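So the structure is just underneath, and the comments pick up after that.
The values are calculated or read from the model by the stated rules, or taken from the named source; none is laboratory data. Since the model is a prediction, treat every value here as computed from it, not as a measurement. Neighbour counts are summed over all protein chains in view; Cβ atoms, including those assigned to glycine, are modelled from backbone coordinates with ideal geometry. Just so you know, the surface numbers come from the protein's heavy atoms only, side chains and all, with ligands and any DNA or RNA stripped out. Shrake-Rupley method; radii C 1.70, N 1.55, O 1.52, S 1.80 Å.
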Amino acid sequence: MKTIQLPSLLHLTLLLFLLPSKTTSSASPLTQAQAQALLKWKNSFSSSPASLNSWSFTNHNNLCNWTAIVCDNTTSTVSQIDLSNINVTGTLTHFNFTPFLDLTVFNLHNTTLSGTIPSAIGDLSKLTELDLGQNILEGEIPLGMSRLTELRYLSLHNNNLNGTIPYQLSNLQKVWYLDLGRNYFGSPDWSKFSSMPLLTHLDLYLNLLDSEFPVFISECRNLTFLDLSKNQQLTGQIPEWVFSNLGKLEYLNLKNNQFIGPLSSSISKLSNLKHLILANNRLNGTIPDDIGFIPHLQLLDLFNNSFEGQIPTSISQLKELSHLDLGQNFLNSTIPHELGSCTSLTFLALAVNNLSGELPLSLSDLKNLTELGLSDNSFSGPVSPDLISNWTQLKSLQLQNNSFTGEIPPEIGLLTNLNYLLLYRNNLSGPIPPEIGNLKNLTDLDLSINQLTGPIPPTFGNLTKLQRVQLFYNGLNGTIPPEIGNMTSLVIFDVDTNQLSGELPDTICDLGNLEAFSVFTNYLSGNIPKDFGKNNPRLASVRLSHNSFSGELPQELCSGLALKNILLRLVNRYNENHPSAFPASPYSIAFFALIEDHFIANNLSTCPSQMEEQLFFFTTFSKFMVFCKPQQLLQLDCHCLGQHHLNSLPNRPFKYQCNRNINPFNFTPFLNLTVFNLHNTTLSGTIPSAIGVLSKLTVLDLGENNLQWEILLDISRIPNIHIRMQELDVSRLVPESAVNWSNTKMGPIPPEIGNLQNLTYLNLSINQLTGPIPPTFGNLTKLQRVQLFYNGLNGTIPPTIRNMTSLVIFDVDTNQLSGDFSNTISGLSNLEAFFVFSNYLFGTIPKDFRKNSPKLTTVRFSDNNFSGELPQHLCSGVYLKLEKLDLSEKQFMGEISVKWGECKNLRDLQMDENKISGRIPPEIRKLSWLQRMTLENNELSGEIPAELGNNIDLSVNSFSWYIPKGLDNCVGLLSLNLSHNNLSGEIPSEIGNLVSLQTLLDLNSNSLLGEIPSSFIKLTSLEILNVSNSHLSGKIPPSISKMVSLSTADFSHNNLTGSSTNRRLF
């Protein structure tokens, strides 16, 4: 009898384990619910990174081993979710919070989350760490978040959150780290906040906080980190309780606000401070001596305030100080020799002050300096070799715009770490030391506007990292050394206005990164190297004028892709007898500004004479050709530069021989063509019906030609065209200069254009079209952009426009349209830009205009006959996207509503030449993106708010009171016009802090008193200054003559004395 061996217990166990089971897993119901919730959330992500591959249904029993998941050791349920720095591109809307009530850590930092924060997040009652920072979340902070009473760490940093900060957040009494920085939060009622005694880190920077210092902070006595910087609207004095209550602070950053008044001597009570940053405020008075009694201070930044007087000698006691920035103030002393005791300094900036005297030799002890900026002062004397030889760690040395004398010491060659050496606009003399060739890390060298003599050292060839070299306005002589060819990183080479001679070295042809080459006003001669331009593809500007060059201009000079300007002074050998002196390559199309009329070049460039086996492919401003066979051609773009680009030639315009008739063109080989661009190719005649064989054509551009207008009717009747046609451009069929409504008209827009029902882009602008806009436009439901500007169209805007539901841009400016359009534009929900300016439209702006078009960014209604109350409804709602609004040159009346402060994206607001009255509401200050605001010639009165954008024109109104000192917080201000008002008081010295002012500062025709501030010297980019017709007195500051950018200045009709030595001023 056969014996049967029974399996062992171990074998049975293994067998049972391997058999498939239909029973449920050992995972708890809660664990399964958590896995299902996470999988559902993952499925909602726009992208699912490979790192989350472990999140899968087949792996749901191993939840605790999933990436970014940590489980509780006791319950095996999820206790932590950490997806930080994993790009999931999802929302919290699809996250089910219910299964995660025991979660303690929820870290979604930098995961590209969008949408709002659900209020259900408040159900995570055991949460101790919540990090939603570095995402694109929007909306307000949900009140439910205040229920997270176990929270210790909360970060919402760098999102698009808005609204006011709910005071209920202060219920989170266990929080020690709170970061709400870099959002759009407005100020709440801080008095409702409870103290947060455990808070050590508070970051509110780059929000829209306004008013005064948040008072609840006064009871946060354990704070070590406080950042309120870049809120722009925080104002008032820094409260004394900051110094008395916050003694544990190690980091205090208040820069880019409007804090005023002196810096309290109680600053020394912050004895634990390491970083003190108060830059870009309106602090004044002297820097208190007590600042030297903060023993552990490492960084002190007082840049761009109005501090005056001396640099306190007590700073010498700050032995740990490594960063000191006192730049752009009104300090008016010498540098104290005690500053040399701050031997830990690596960064020292004293630029743009009124400091004077020689540099104390004690600064030679600052052997750790890596950046030194002393520019724009009145320092004098030599740059001592003893100083230079000890600053061997320097990476940036900026001494420009002073009065230093003597020679550049050869010890400069010891600074082998230098990247930037800027010594321009001084009184330095003697030769450039050859040791400068030791600075092999140098990227920027500017020695211009001095009195340097001698040759350019051949050792320049060692500077292979040098990108910009500027030696202009000196007395340098000799030749340009051929070693320049070794400077392969060179981008800008400018040696104009010297005494250099000889020929240009051939090695300049090897400078492959060169963009600008300027040698004008020297004694250079001979031929320009024949290969110049061949290996310089980035060359954009060449200035050779006022030399004695001869011979032919290099054939390859125009072959690069970037050349925009050639400024030549060509001697008489370049004249009508030598037309071949200029390159005649067919791909040498470029833009030339020829400043002297000494030659002719009728053969500069020609359009291709035929389109056969190979076709030229041109694009705007290009200087190259692409060859391809017709069968492979998908896009044909023969967009030549028309002669209008070259009309700057005096009495000798270029004439392209480009005149072509499109009728001989054989369309048959191009059946796959999708884009046919013949824009500005001087085509004439009619368009042949054979174009209909191009059945795949989606874009047709025949703009800026001499074609007969009947082409539009031809196109709209060809079935194979209008089936696929998406883009049609037949703009500028007549030159813009020829648009004259008294001339012969080109006729109406044919109603058959309504057949092009797949059209997405239509451009008929800058022609001489007349008649109405056809109602058949309503059939073009896919049309996204319509441009009919600069024509003679009349009649009303047809109500069928509202059927064009895909419309994004509607531009009919500069026509003769009339009537009331209020019933024509409802329902255009995709509209982003609406231009109807310069017509005869009348009536009021429809109240539902913005409501029906929520995506609007640009609106221009100006120069029509609209009237009535100022349309306040155009700017309401916190999510409004409006960026540009033009309501100028109409008859609007009424006051500016506080609702205008809700247009948070508004960049350009023009309401000039109306009858707007009342005050400018302070809420306008909330428009933090505002770049331009023009309200001239209205009836406005009252005070001028402190911040109104970067281009401000409030002239011809009735503003009174003073010029606000807070205007200096408009750090990007380019133009300021406050003329023809009733402003009184003195011109605030803070105006000198508007260092970006460039175009205009006009204060004329007011009742201003006092002297012209000496701080105007800081306005180094200002071109026009007008302070005439007031009651100013005293002496015109002599420093005005040093404002080299100033073209005109008017001080007339005041009680001023003195004069400026600058001949351009009057």
Here is a list: 824, 844, 857. Which entry is under 27 Å from the mean Cα position of the chain (by Cα) and at pLDDT below 80? 857
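Matching residues to (1) open to solvent by 10 Å² or more (accessible area, probe 1.4 Å); (2) part of a loop (DSSP other than H, G, I, E, B); (3) more than 26 Å from residue 184 (Cα to Cα):
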| site | (1), (2), (3) |
| --- | --- |
| 217 | no, no, no |
| 230 | yes, yes, no |
| 248 | yes, yes, yes |
| 252 | no, no, no |
| 255 | yes, yes, no |
| 267 | no, no, yes |
| 296 | yes, yes, yes |
Residues being more than 30 Å from the chain's Cα centre (by Cα) and at negative phi - total across region 766-791: 18
Go through 234, 302 for me and flag whichever is open to solvent by less than 20 Å² (accessible area, probe 1.4 Å), of a type outside the set (Val, Ile, Thr) and closer than 26 Å to residue 169 by Cα. 234
Within the group 793, 759, 783, which residue is open to solvent by less than 10 Å² (accessible area, probe 1.4 Å), within 21 Å of residue 816 (Cα to Cα) and not polar (S, T, N, Q)? 793
All positions within region 360-370 that are open to solvent by 50 Å² or more (accessible area, probe 1.4 Å) and either in contact with a helix residue (DSSP H, G or I) (Cβ under 7 Å, 6 or more places away or on another chain) or without any contact (Cβ under 8 Å) to a residue 12 or more places away in the chain (or both): 361, 365
Could you check, for region 72-86, whether at least one of its residues is open to solvent by 50 Å² or more (accessible area, probe 1.4 Å), hydrophobic (A, V, I, L, M, F, W, C) and farther than 14 Å from residue 32 by Cα? no
Step by step: first the residues of region 190-208, then only those that are in contact with a Phe, Trp or Tyr (Cβ under 7 Å, 6 or more places away or on another chain), in a loop (DSSP other than H, G, I, E, B) and open to solvent by 40 Å² or more (accessible area, probe 1.4 Å), then the one that is modelled with the lowest pLDDT. Which residue is that? 195
Residues satisfying the stated conditions in region 497-520, i.e. over 34 Å from the mean Cα position of the chain (by Cα) and either of a type outside the set (A, V, I, L, M, F, W, C) or within 20 Å of residue 447 (Cα to Cα) (or both): 498, 499, 500, 501, 502, 503, 505, 506, 507
Looking at this structure, is residue 490 touching a helix residue (DSSP H, G or I) at 6+ places or on another chain (Cβ under 9 Å), surrounded by 22 or more Cβ atoms within 10 Å (Cβ to Cβ) and of a type outside the set (Gly, Ala, Ser)? yes
For region 390-406, name all the residues that are surrounded by fewer than 17 Cβ atoms within 10 Å (Cβ to Cβ) and over 37 Å from the mean Cα position of the chain (by Cα). 405, 406
Every residue in region 985-1040 that is touching a Lys or Arg at 6+ places or on another chain (Cβ under 8 Å) and either outside any loop (DSSP other than H, G, I, E, B) or closer than 21 Å to residue 1057 by Cβ (or both), please. 990, 992, 993, 1011, 1017
Need pairs with beta-carbon distance below 7 Å; first residue basic (Lys, Arg) and within region 787-807, second assigned to a loop (DSSP other than H, G, I, E, B); sequence gap 6+ or separate chains. 802/824; 802/825; 802/826; 802/827; 802/828
Looking only at region 463-488, which residues are within 17 Å of residue 447 (Cα to Cα) and polar (S, T, N, Q)? 467, 470, 474, 477
Residue pairs within 9 Å by beta carbon, gap of at least six or interchain, first lying in region 1027-1056 and touching a residue at least 40 places away in the same chain (Cβ under 8 Å), second assigned to a loop (DSSP other than H, G, I, E, B) and among the aromatic types (Phe, Trp, Tyr), listed first then second, are 1027/1051; 1032/1051; 1050/1066
Please work out which residue is surrounded by the fewest Cβ atoms within 10 Å (Cβ to Cβ), limiting yourself to region 40-71 and to residues that are touching a helix residue (DSSP H, G or I) at 6+ places or on another chain (Cβ under 6 Å) and closer than 14 Å to residue 100 by Cβ. 71
Filtered residues of region 1041-1055 (kept if among the aliphatic types (A, V, I, L, M) and either surrounded by fewer than 16 Cβ atoms within 10 Å (Cβ to Cβ) or in a loop (DSSP other than H, G, I, E, B) (or both)): 1043, 1044, 1046
Failed item in (1) within 23 Å of the chain's Cα centre (by Cα); (2) open to solvent by 20 Å² or more (accessible area, probe 1.4 Å); (3) under 19 Å from residue 932 (Cα atoms), with residue 1024 passing the rest: (1)
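Residues are listed down the side, and each one gets a yes or a no for (1) open to solvent by less than 50 Å² (accessible area, probe 1.4 Å); (2) among the small types (Gly, Ala, Ser); (3) touching a strand residue (DSSP E or B) at 6+ places or on another chain (Cβ under 6 Å):
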position: 308; (1), (2), (3): no, no, yes
position: 312; (1), (2), (3): yes, no, no
position: 319; (1), (2), (3): no, no, no
position: 351; (1), (2), (3): yes, yes, yes
position: 372; (1), (2), (3): yes, no, yes
For residues in region 525-548 being in a strand (DSSP E or B) and either at pLDDT 90 or above or among the β-branched types (Val, Ile, Thr) (or both), which is surrounded by the fewest Cβ atoms within 10 Å (Cβ to Cβ)? 548
Subset of region 983-1007 [touching a His at 6+ places or on another chain (Cβ under 8 Å) and either among the aromatic types (Phe, Trp, Tyr) or in contact (Cβ under 8 Å) with a residue 40 or more places away in the chain (or both)]: 1004
Within region 763-780, can you find the residues that are in a helix (DSSP H, G or I) and open to solvent by 30 Å² or more (accessible area, probe 1.4 Å)? 775, 776, 779
Just to verify a result, which residue in region 237-246, among those that are part of a helix (DSSP H, G or I) and open to solvent by 10 Å² or more (accessible area, probe 1.4 Å), is farthest from residue 204 (Cα to Cα)? 244
